[in-house]
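Notes follow once the structure below has been shown.
The values are calculated or read from the model by the stated rules, or taken from the named source; none is laboratory data. Note that the structure is predicted; figures quoted are calculated from it, not measured. Reconstructed Cβ throughout: ideal geometry from the backbone, glycine too, with neighbour counts over all protein chains shown. Quick note on the areas: whole protein, heavy atoms, side chains included, nothing else; ligands and nucleic acids left out. Shrake-Rupley method; radii C 1.70, N 1.55, O 1.52, S 1.80 Å.
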Amino acid sequence: MITLCSHSELKEAKESLENLERTYPSLYEKWVHIINLTRALQFKYQYMGCLIMNEDCRRYSPEFVQGSVIRLYKSEIEKLLSDKDIEALRKTISSCPNAGYAKISLLALGRTPESLVGTSAIIS
């Protein structure tokens with residue numbers, strides 16, 4: 001899938017994320033933990049995003065990964081999903097449909113909108 005996102009869309013997404021962090025710091029911290037875990041396990045952001053947004057994630061499921069690692073990852077996702085304010089995160093993510101899960105995640109980790117402008121290929 002190819003996503004194209006403008007600089008202004010990324011700036012708006014960054015502002016939304018900063019607002020989410022101020023308003024729901026505990027939720028935001030849990031989400032950043034999941035993003036870092038996703039990176040550490042070299043899973044696709046699309047997989048993480050689909051799990052968080054209750055979308056079909058089979059297409060993006062990691063291949064050649066031990067079942068125990070997948071169970072660990074999903075148990076960490078469940079900790080995030082059980083947060084009483086999870087809908088705030090879902091609303092923030094869905095308000096930036098052109099950014100995609102990867103760019104939103106990178107913004108949450110501190111990347112600047114300028115560094116993410118343009119197309120990005122997400123291999124599925």
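The residues of the range 35-52 that are open to solvent by less than 40 Å² (accessible area, probe 1.4 Å) and either among the basic types (Lys, Arg) or in a loop (DSSP other than H, G, I, E, B) (or both) amount to a single one, Phe43.
Got a sec? Which of Glu114, Glu76 is touching a helix residue (DSSP H, G or I) at 6+ places or on another chain (Cβ under 9 Å), at negative phi and modelled with pLDDT under 95? Explain how you work it out, then say what you get.
Working: Glu76 fails: modelled with pLDDT under 95.
When all the criteria are applied, what remains is Glu114.
Residue selection: Ile104 fails the criterion of being open to solvent by less than 20 Å² (accessible area, probe 1.4 Å), within 14 Å of the chain's Cα centre (by Cα), farther than 16 Å from Ser6 by Cα and of a type outside the set (Lys, Arg). Once the range 1-59 is narrowed to residues that are under 16 Å from Ser94 (Cα atoms) and touching a strand residue (DSSP E or B) at 6+ places or on another chain (Cβ under 7 Å), the residue that is modelled with the lowest pLDDT is Thr3.
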